[in-house]
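Enquirer: The following block contains the structure, expressed as C-alpha cells.
The values are calculated or read from the model by the stated rules, or taken from the named source; none is laboratory data. All values derive from a computational prediction rather than experimental measurement. Because the Cβ atoms are built from the backbone with ideal geometry, glycine has one as well, and the counts that use them run over all protein chains shown.
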Amino acid sequence: MEQHAIILKIGPYQKLSFFKRAYVNNSIVHSKNYRCVVKRNNTVVRYGSDDFGHIVQFVKLYKQCQNAHVCNTQNAHVCNTNCACKTPIYLAVIDTVSKLPLQLSTDRVSKAHVSNVVPVSHPSGILQAIHVEDINAVCVWMPVSNELCFVAVNVNKIEKE
Ligand SMILES: [Zn+2]
C-alpha cells in the first residue's frame, strides 16, 4: 500500500494530499493515475543513483508535529519556522522495477556501450516512496516480453549533478 511506503520513508505524517503530475528537471512527469495522457507515457523515471520505476502517485504531506503542545498553543510562533511539521514534503510513490543482468551488445564500430538503455523487469508491485527531488531523469519504456523490458534514459533532458 502507498501508506506503508510513505511511513517507511518519513514516519508519521499528516495533511496528505495527492497530485498527478510534477515538474522534474524541466520535464512534466505524470503518475499512472493521470488518465488524460494519451500520446506520451511520462510515468517512468530514473531516481537515486541508478534505479528505475513507474510513478504511481505523487503526494504532498507534512510530518506529524513532534511538539504538538507548543505548536498548538499561543506559543505557536516558537515552532513556526523550525518545526518540521511546517514544511511540505513532496514524495513520489514508485512501482519499482529490477535491473536484469543482461549484457547489451557492444557497438562494434564505436566500441561504445549502449549505456542509456537498461534491461529491466516489469513493475514488481513493490511500492517505494522517494523524494520528488531524487528523480533525475524521465525515461522511455519499451516492453519486449513478459520477462523483459527496456528503459531508455532521455539523454536530451537536463540532469542534476
Ligand atoms: Zn510543529
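Enquirer: Would you check if there is a residue in region 34-44 being modelled with pLDDT under 70, hydroxyl-bearing (Ser, Thr, Tyr) and either surrounded by 13 or more Cβ atoms within 10 Å (Cβ to Cβ) or at positive phi (or both)? Give the steps one after another, and end with the answer.
Expert: Looking only at region 34-44, we keep the residues that are modelled with pLDDT under 70, and these are 34-41.
Still in the list and also hydroxyl-bearing (Ser, Thr, Tyr): 34.
Filter again for either surrounded by 13 or more Cβ atoms within 10 Å (Cβ to Cβ) or at positive phi (or both), leaving 34.
The answer is yes; a qualifying residue exists.
Enquirer: Return only the number of the condition from (1) within 16 Å of the ligand (Cβ to nearest atom); (2) at pLDDT below 75 that LYS86 does not satisfy.
Expert: (2)
Enquirer: Quick one: would you say LEU91 is within 30 Å of PRO123 (Cα to Cα) and at pLDDT 85 or above? Give the derivation first.
Expert: Values: within 30 Å of PRO123 (Cα to Cα): yes; at pLDDT 85 or above: yes.
Spelling it out, LEU91 is indeed within 30 Å of PRO123 (Cα to Cα) and at pLDDT 85 or above.
Enquirer: Which one of these does CYS79 not meet: (1) more than 23 Å from HIS122 (Cα to Cα); (2) modelled with pLDDT of 80 or more?
Expert: That leaves (2) as the condition not met.
Enquirer: Residue by residue through region 99-142, note down the ones that are exposed (fewer than 11 other Cβ atoms within 10 Å of the Cβ), at pLDDT 85 or above and farther than 30 Å from TYR13 by Cα.
Expert: Correct list: PRO101 only.
Enquirer: Okay, moving on. Provide a single number: the residues in region 46-76 that are more than 10 Å from the ligand (Cβ to nearest atom) and at pLDDT 80 or above.
Expert: Matching residues across region 46-76 total 16.
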